[in-house]
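This report concerns only the one structure given below.
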Amino acid sequence: MTSPLLILGVSIFILAHLIPVYAPDFRTKTMDRMGALPYRLLFGSIAAACLYAITLGWQTSDPLFIYEPGQAVFHFMPLVTATGFIFLASAFLPTKLRNVFPDARMIGIGLWAAAHLLVNGDTRSLWLFGGFLLWSLLAIVGNHTHAAQKRQASAPQTHKPQIKYDAIAVCIGLALAAGATALHTTIIGVSPLPYAG
């Protein structure tokens, strides 16, 4: 059985992060009323509490297996995950990739979540990684609404995209993927490369 803590943590985390996308006026009014710093502290506290609930819920869940991933998909996971990390890194740099894909951050999160769904067929994984995949898709759709496009069009471009930043993003993404792979067994307790053994 999937822990209610995991379900609650994932749900609140996603809803909180969708507020700026689907309710920007509410976010702006709340920030104006509270002040930018208190708002960010409250938001960060909620996110941290959700991550704690997710971690505890993951550890206390008794997963039910819905499907058994085929051995072949394990060969695709490192590639998909590494691509996700590259998109994630490019979202914070003036890359040409981000210029083509303005939703690079959410694409990266979506690829990371999809990669984990490829190799995990249990209920707690479906809740966690399926939830994050849903969040990325909803955020991408929301970012392409008329209001979001209007906000993006009015935002000043501080740095011109340059290919050198794409190269840096690739290096950072691959380094993050390698580090995550190396630490996965120690921190999570599950090898991300079961076929290697």
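Side notes on the structure shown:
- For the chain, calculated [θ]222 nm from helices alone, where every DSSP H run of n ≥ 4 adds -39500 (n - 2.57): -25500 deg cm²/dmol
- Calculated from the structure at hand, percent of Cα pairs over 30 Å apart is found among (i) 23; (ii) 27; (iii) 34 as (ii).
- Over region 23-140: Rg over Rh, Cα atoms, Kirkwood Rh: 1.05
- Within the listed set Leu93, Leu37, Leu137, the Gaussian network model of the chain (springs between alpha-carbon atoms below 10 Å) gives the highest mean-square fluctuation for Leu37.
- Ser3 long-range amide H proximity, modeled H, under 5 Å: Ser61, Asp62
Taken together, the values in this text are just the output of simple stated rules run on the coordinates, not laboratory data. Fair warning: this is a prediction, and the values are worked out from it, not measured in the lab.
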